[in-house]
Amino acid sequence: MTSTHDKVWYAPKSKLEAFTAETAAEGVVNTLRIVEGRWKLVILFHLFGGKVMRFSELERAIPAISQKMLTQQLRQLESDGVVFRKVYPVVPPRVEYRLTEWGQALCPALDALLTWADQREALQPDTSSQTV
């Protein structure tokens, strides 16, 4: 089974019980908006575990992404508070990216999604033997 991080933790149930169906749905939609985009999850998986990567390292790690798209996705993740960007005042410019504490806290949720996806076949009812 795939795991996004060695230490996985979940929010206390008392916090989750405060949500109504509507507020829970709204919260999930807002969260999905933060990670939506073709490359954001790929970027996050490269940065999980406290990794610090330079722009050029991310570019090499994700060869199918253009510089423009990588820049856009990183800027959006930074503006949403998921990624921290550090610029060093050297020539040529050196820029490093890492997950914020809040961004790293996304790891258990993605790990739970991977676990859920792995269970799909085992939990799917066998519809081939059912008659109409």
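The values are calculated or read from the model by the stated rules, or taken from the named source; none is laboratory data. These numbers were taken from a predicted model, which means no experiment stands behind them. Using ideal geometry, Cβ is built from the backbone for each residue, glycine included, and neighbour counts are taken over all protein chains shown.
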> Do we find that residue 115 is touching a residue at least 60 places away in the same chain (Cβ under 8 Å), outside any loop (DSSP other than H, G, I, E, B) and out of contact with any Asp or Glu (no Cβ under 9 Å at 6 or more places or on another chain) in this structure?
Replying inline: yes
> Are any residues in the range 1-25 within 21 Å of residue 116 (Cα to Cα), surrounded by 10 or more Cβ atoms within 10 Å (Cβ to Cβ) and at pLDDT 65 or above, and if so, which ones?
Replying inline: 24, 25
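What residue, of 87, 52, 83, 95, is in contact with a Pro (Cβ under 7 Å, 6 or more places away or on another chain) and not acidic (Asp, Glu)?
Testing whether each residue is in contact with a Pro (Cβ under 7 Å, 6 or more places away or on another chain) and not acidic (Asp, Glu) leaves just 87.
So which residues in the range 49-99 are among the β-branched types (Val, Ile, Thr) and under 12 Å from the mean Cα position of the chain (by Cα)?
Scanning the range 49-99 gives 82, 83.
Conditions (1) loosely packed, with under 11 Cβ neighbours inside 10 Å; (2) out of contact with any Ser or Thr (no Cβ under 8 Å at 6 or more places or on another chain); (3) without any contact (Cβ under 8 Å) to a residue 24 or more places away in the chain; (4) part of a loop (DSSP other than H, G, I, E, B), marked per residue:
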{"position": "49", "(1), (2), (3), (4)": "no, yes, no, yes"}
{"position": "68", "(1), (2), (3), (4)": "yes, yes, yes, no"}
{"position": "71", "(1), (2), (3), (4)": "no, yes, yes, no"}
{"position": "77", "(1), (2), (3), (4)": "no, yes, no, no"}
{"position": "84", "(1), (2), (3), (4)": "no, no, yes, no"}
{"position": "90", "(1), (2), (3), (4)": "yes, yes, yes, yes"}
{"position": "96", "(1), (2), (3), (4)": "no, yes, no, no"}
{"position": "125", "(1), (2), (3), (4)": "yes, yes, yes, yes"}
> Can you pull out the residues in the range 38-64 that are in contact with a helix residue (DSSP H, G or I) (Cβ under 7 Å, 6 or more places away or on another chain) and over 16 Å from residue 99 (Cα atoms)?
Replying inline: 59, 61, 62
> Quick one: what pairs do we get from the range 17-34, first residue under 19 Å from residue 106 (Cβ atoms), second acidic (Asp, Glu), C-beta under 6 Å, 6+ apart or different chains?
Replying inline: 34/80
>> Filter the range 61-119 down to the residues that are of a type in the set (Asp, Glu) and at pLDDT below 95 and list them by number.
In response: 111, 118
